[in-house]
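Shown next, in structure tokens, is the structure this report addresses.
The values are calculated or read from the model by the stated rules, or taken from the named source; none is laboratory data. All values reported here derive from a predicted model rather than from experimental measurement. With ideal geometry, Cβ positions are generated from the backbone for all residues, glycine too; neighbour counts draw on all protein chains shown.
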Amino acid sequence: MGGMVVGRRGVIAGGVGLLAGASARPTVAADRPIDVLVIGGGLAGLIAARDLAKDGHRVLMLEARPRLGGRVAWDQLAGQAVDSGGTWFHWHQAAIWREVQCYELEVVERPVADRYFIGVGGAFRAMTPEELDGRLRRGLAAFWGDPALQAALATPFAVQASGDRLAALDRMSVEDRLRAIRLDPVDDSALRAIFSDFGRPLDQVSLAWAMQRMANGLWTYESFMALFAVYRLRGTMRALCEAIRADGGFDLRLDAPVTQVVQGAGGVLVRTADGTAFAARAAVVATPVEAWRAIRFSPELPADHRQAAAEGMAAPRLCNFILHVRGLPGVVNSFAPAGIEPFEFTFTHSTIDDGQLLSAYAMEGAIGVRDGAARLETALRRFVPEARLAGFVGHDWGREPFSLGGSGSLKLGQMARFVDRLDRPIGRLCFAGADFAPQFAGFLTGAIESGARAARRIGGILGRG
């Protein structure tokens, strides 16, 4: 790769002066200069890099990890390729489905259980699909049934259009709404169990963000439930990430954590942890919001960006696993309200010759990878006593330095302040990421939405000189 290396230590100090002349192309090497630096190799960064490269721009991606994918990750377990982060999507989600169809990737549907285990009153209660279906239908109809709440998300793809109505809803929590509707205790537990997917205690979760997810499901039970874990790629998300990279043909440096971004009138200088500096005409910052804390921006970022980084916009303690389990009597599917059981979600990922692979999520971090196999098996046996754990892979996302959290999880007040705002251009910088995506904030498809938007905006900046 012919990276456009400006220099090492001491270069950044004079960076603004170097870039002050807008007509001067930032290059000191013999090969073609870099047009755009993309910081972060998750889905948002990959899409931005591909789209810009296909528009004819020279793009260099800098990724802190030794792999692509960001919070999308893959591994091997029991001889199977598995996603160990960022797995699930649905054809209702247009941005990701377009990519899957474009690259002709094979899709697998999650197995359907013939019974469910729901955490109720400190224990698991077995339910038939029909019982759970009835309880969730009643609960969701009550939760989103107020027309005034739906009016605030009449355009879930352009939330700022709702103005004061959105801001008022954003000041309310999911817990506030649950207390207002006063469900039957078992119905309440079932609804709280699926709402564990929101990634933090429900008194901290923005009701506006939850309602956006429901609006994306067209305020219908079937469509809303379809947005949960339904489809995955047979070749893992690696197949999509590698297809995007190959299609774009952009340059890439792995193990290159960015520590400084200096912006001038004529371009951007970016410095990595080893002291190397790269110059470009513009940059896309596509790291998780929490990772902005480790980057020195000059000039300083606007107040909203600094506040978002300080608060965090991702599930702070999320741990997720793929478990190889023997001895299970059938397809597994369990849900529990946040903070009651070690795993809030556990369900069959696939059946293999030597047992099953289960997807398991500890949304509140009650159990993590570091706790080891014995504790994981004990947690499983809370609802399937026959379970014998044969192996596992996973991530404690809150402890990973380049993530500092798992999937998107918006707190009170964050939608009105940050969604459709953090991605607006700042000079020659654009920000992209799933957690503040315009329509599907916190989803894989949201990362793709955001990356595509950033690429278009950067293209406009480059077109102006």
| said: On the basis of being of a type in the set (A, V, I, L, M) and in contact with a His (Cβ under 9 Å, 6 or more places away or on another chain), does ALA78 make the cut? | reply: yes
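Can you pull out every residue in the range 443-465 that is at pLDDT below 95 and either among the small types (Gly, Ala, Ser) or in contact with a helix residue (DSSP H, G or I) (Cβ under 6 Å, 6 or more places away or on another chain) (or both)?
Within the range 443-465, the subset at pLDDT below 95 is 463-465.
If the condition is that a residue be at pLDDT below 95 and either among the small types (Gly, Ala, Ser) or in contact with a helix residue (DSSP H, G or I) (Cβ under 6 Å, 6 or more places away or on another chain) (or both), then GLY463, GLY465 are the ones that fit.
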| Regarding LEU149, is this residue within 28 Å of GLY446 (Cβ to Cβ) and not in a loop (DSSP other than H, G, I, E, B)? | yes
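Checking the conditions here, which among SER196, SER206, SER162 is hydroxyl-bearing (Ser, Thr, Tyr) and closer than 30 Å to CYS241 by Cα? Before you say what the answer is, go through the steps one by one.
Numbers: SER206 fails: closer than 30 Å to CYS241 by Cα; SER162 fails: closer than 30 Å to CYS241 by Cα.
Exactly one of SER196, SER206, SER162 is hydroxyl-bearing (Ser, Thr, Tyr) and closer than 30 Å to CYS241 by Cα, namely SER196.
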| message | Any residue at all in the range 425-442 that's outside the structural domain of ALA360 (by TED's automatic domain parsing), at pLDDT 95 or above and in contact with a Cys (Cβ under 9 Å, 6 or more places away or on another chain)? | response | no
| field | Residue under evaluation ALA95, criteria (1) part of a loop (DSSP other than H, G, I, E, B); (2) of a type outside the set (Phe, Trp, Tyr); (3) under 22 Å from GLY40 (Cβ atoms), criterion not met | value | (1)
| said: Restricting to the range 420-453, name every residue that is under 15 Å from ALA44 (Cα atoms) and of a type in the set (Val, Ile, Thr). | reply: THR445, ILE448
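Those residues that are over 22 Å from LEU444 (Cβ atoms) and in contact with a strand residue (DSSP E or B) (Cβ under 8 Å, 6 or more places away or on another chain), I need them from the range 44-61; list them, please.
Initial filter on the range 44-61 (over 22 Å from LEU444 (Cβ atoms)): 55-58, 60.
Hits for the range 44-61 are HIS57, ARG58, LEU60.
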| In the set ALA265, ALA280, ALA338, which member is modelled with pLDDT of 95 or more and among the small types (Gly, Ala, Ser)? | ALA280
| said: Please go through (1) surrounded by 20 or more Cβ atoms within 10 Å (Cβ to Cβ); (2) of a type outside the set (Asp, Glu); (3) modelled with pLDDT of 95 or more for VAL159 and return the number of the only condition it doesn't satisfy. | reply: (3)
| remark: Checking VAL186, VAL159 in turn, the sole residue that is within 24 Å of the chain's Cα centre (by Cα) and of a type in the set (Val, Ile, Thr) turns out to be VAL159
| query | Yes or no: ASP354 at pLDDT 95 or above, surrounded by fewer than 22 Cβ atoms within 10 Å (Cβ to Cβ) and farther than 24 Å from GLU400 by Cβ? | reply | yes
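Can you tell me which residue is surrounded by the most Cβ atoms within 10 Å (Cβ to Cβ) among those in the range 105-142 that are of a type outside the set (A, V, I, L, M, F, W, C) and part of a loop (DSSP other than H, G, I, E, B)? Write out each step before concluding.
Pass one, the range 105-142, residues of a type outside the set (A, V, I, L, M, F, W, C): 106, 109-111, 114-116, 119, 121-122, 125, 128-131, 133-135, 137-139.
So of that shortlist, the ones also part of a loop (DSSP other than H, G, I, E, B) come out as 106, 110-111, 114-115, 121-122, 128.
Details: GLU106: 9, ARG110: 19, PRO111: 15, ASP114: 9, ARG115: 16, GLY121: 11, GLY122: 8, THR128: 12.
The selected residue is ARG110.
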| request: Scan the range 309-321 and report the pairs whose first residue is on the phi < 0 side of the Ramachandran plot and assigned to a helix (DSSP H, G or I) and whose second residue is at pLDDT 95 or above and among the charged types (D, E, K, R), with Cβ atoms within less than 7 Å and a gap of 6+ or a chain change. | output: ALA309/GLU290; ALA309/ARG293; GLU311/LYS411
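Right, LEU183: out of contact with any strand residue (DSSP E or B) (no Cβ under 7 Å at 6 or more places or on another chain), modelled with pLDDT of 95 or more and either surrounded by fewer than 20 Cβ atoms within 10 Å (Cβ to Cβ) or not hydrophobic (A, V, I, L, M, F, W, C) (or both) or not? Quick ask: steps written out before the conclusion?
On the way: out of contact with any strand residue (DSSP E or B) (no Cβ under 7 Å at 6 or more places or on another chain): yes; modelled with pLDDT of 95 or more: yes; either surrounded by fewer than 20 Cβ atoms within 10 Å (Cβ to Cβ) or not hydrophobic (A, V, I, L, M, F, W, C) (or both): yes.
Here the answer is yes, as LEU183 does meet what is asked.
Does at least one position in the range 344-352 carry a residue that is free of Cβ contacts under 8 Å to residues at least 40 places away in the same chain and among the β-branched types (Val, Ile, Thr)? Spell out the reasoning first.
Taking the range 344-352 and keeping what is free of Cβ contacts under 8 Å to residues at least 40 places away in the same chain, we get 346.
Remaining after also requiring among the β-branched types (Val, Ile, Thr): 346.
Yes - at least one qualifying residue is present in the range 344-352.
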| field | First in the range 45-70 and part of a helix (DSSP H, G or I), second anywhere and among the acidic types (Asp, Glu), Cβ under 7 Å, 6 or more apart | value | ARG50/ASP247
| Residues of the range 69-92 classified as more than 18 Å from ARG234 (Cα to Cα) and at pLDDT 95 or above, total | 2
| message | Show me the helices (runs of 4 or more DSSP H) entirely contained within the range 175-294 in which 3 or more residues are farther than 30 Å from ARG98 by Cα. | response | 185-195
| Test result for ALA193, more than 21 Å from the chain's Cα centre (by Cα) and outside the structural domain of HIS90 (by TED's automatic domain parsing) | no
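ARG135: in the same structural domain as PRO185 (by TED's automatic domain parsing) and over 22 Å from THR87 (Cα atoms), yes or no? Let's see the steps before the verdict.
Working: in the same structural domain as PRO185 (by TED's automatic domain parsing): yes; over 22 Å from THR87 (Cα atoms): yes.
Yes: the conditions hold for ARG135.
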